[in-house]
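The values are calculated or read from the model by the stated rules, or taken from the named source; none is laboratory data. As the structure is a prediction and not an experimental result, all values here were calculated from the model. Note that we place each Cβ from the backbone using ideal geometry, even for glycine, and neighbour counts take in every protein chain shown. These area figures cover heavy atoms from the full protein model, side chains too; ligands, DNA and RNA do not enter into them. Shrake-Rupley method; radii C 1.70, N 1.55, O 1.52, S 1.80 Å.
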Amino acid sequence: MTKISIVVPVFNESPNIQQLIDSITLQSLQPYEVILVDGGSTDDTVEKIRNITLPKLQLKLLIKKGAMPGQGRNVGTEAAAGEWIAYTDAGIKLDSDWLLELNKVREGESEVDIIYGNVIPIVRNFFEKAACISYTPSSKKDMITMKFIASCMIKKQLWKEVGGFPDYRAAEDLIFMEKAEIISKCIGFAPKAIVHWELRKELASTFKKFYLYSAYNVWAAKQADWHYGIARQYL
């Protein structure tokens, strides 16, 4: 049986970590293990993780102070026993069939090396609705919304060939996915493998996040992929 490891980088995710763990435990296809890599949280994220008891699930916590999301994924992937790695993030709620749907594509397409699932923003108030309209793609039936690192599964061997994620605060996922798709053209899509994405709840934190991400995208020469489109939406 193919082993699948779920790897999640975390940092100051106290309000969100239980929701993520709950949605993992409800997966119709259980992973071989779950590896959480904490980048040096200053809240009680680590304490909450250590207090979680999951008799039917191998939950591992690794501490790597100062690790940004890319490095966190690298640390977790290196430690993973699975031949396949499923990536997601804190601030995410997984549909109960998320891993099952990703795995269906793996089983159905023998040559596939990376599989992208789907993402749906969580909309609960007017600001989140406006944010969703402004900077997330429209969902279409039987199609993935966008290639999203927090909803994908990849062969560990391909991760090795790519050389892992660059150690950037942002744009590391775009760079990794681009390199992965240059090395391997064997890409699968699982539109029913859905994660629900927690958007920023108000303007100040949204602006702060996009300022940071835009700076890194421009620095990494990825502004045409993301920054320019977002700037046009703001204007």
Candidates ILE120, ILE115 - the one that is open to solvent by 60 Å² or more (accessible area, probe 1.4 Å), at pLDDT 80 or above and either assigned to a strand (DSSP E or B) or touching a strand residue (DSSP E or B) at 6+ places or on another chain (Cβ under 8 Å) (or both): ILE120
Subset of region 53-84 [out of contact with any Asp or Glu (no Cβ under 9 Å at 6 or more places or on another chain) and open to solvent by 30 Å² or more (accessible area, probe 1.4 Å)]: THR53, LEU54, PRO55, LYS56, GLY66, VAL75, GLU78, ALA79, GLU83
Considering residues of region 1-10 that are assigned to a strand (DSSP E or B) and of a type outside the set (Val, Ile, Thr) only, the residue farthest from ALA86 (Cα to Cα): PRO9
Some residue of region 30-37 being closer than 24 Å to ILE114 by Cα and either at pLDDT below 95 or of a type in the set (Asp, Glu) (or both): yes
Of the criteria (1) exposed (fewer than 14 other Cβ atoms within 10 Å of the Cβ); (2) aliphatic (A, V, I, L, M); (3) closer than 24 Å to GLY66 by Cβ; (4) at pLDDT 60 or above, which one ALA170 fails: (1)
Strands (runs of 3 or more DSSP E) fully within region 11-90 counting 3 or more residues that are over 18 Å from ILE154 (Cβ atoms): 59-63
Output for region 31-45, where each listed residue is surrounded by fewer than 19 Cβ atoms within 10 Å (Cβ to Cβ) and either more than 19 Å from ALA86 (Cα to Cα) or in contact (Cβ under 8 Å) with a residue 60 or more places away in the chain (or both): GLY40, THR42, ASP43, ASP44
Neighbours by Cβ (under 9 Å, 6+ apart or cross-chain): first from region 172-190, in a helix (DSSP H, G or I); second among the hydroxyl-bearing types (Ser, Thr, Tyr) and open to solvent by less than 40 Å² (accessible area, probe 1.4 Å): ASP173/TYR87; MET177/TYR116
Tally, over region 10-23, of residues that are open to solvent by less than 20 Å² (accessible area, probe 1.4 Å), touching a residue at least 40 places away in the same chain (Cβ under 8 Å) and of a type outside the set (Ser, Thr, Tyr): 3
Filtered residue count, region 152-189, keeping only those that are over 15 Å from the mean Cα position of the chain (by Cα) and of a type in the set (A, V, I, L, M): 6
Close pairs from region 80-98: first among the hydroxyl-bearing types (Ser, Thr, Tyr), partner assigned to a loop (DSSP other than H, G, I, E, B), Cβ under 8 Å, at least 6 apart: SER96/LEU26; SER96/GLN27; SER96/SER28
Single unsatisfied condition, VAL8 versus (1) within 17 Å of the chain's Cα centre (by Cα); (2) at pLDDT below 95: (2)
Counted residues, region 91-103 - those being crowded, with 24+ Cβ neighbours inside 10 Å and under 11 Å from the mean Cα position of the chain (by Cα): 1
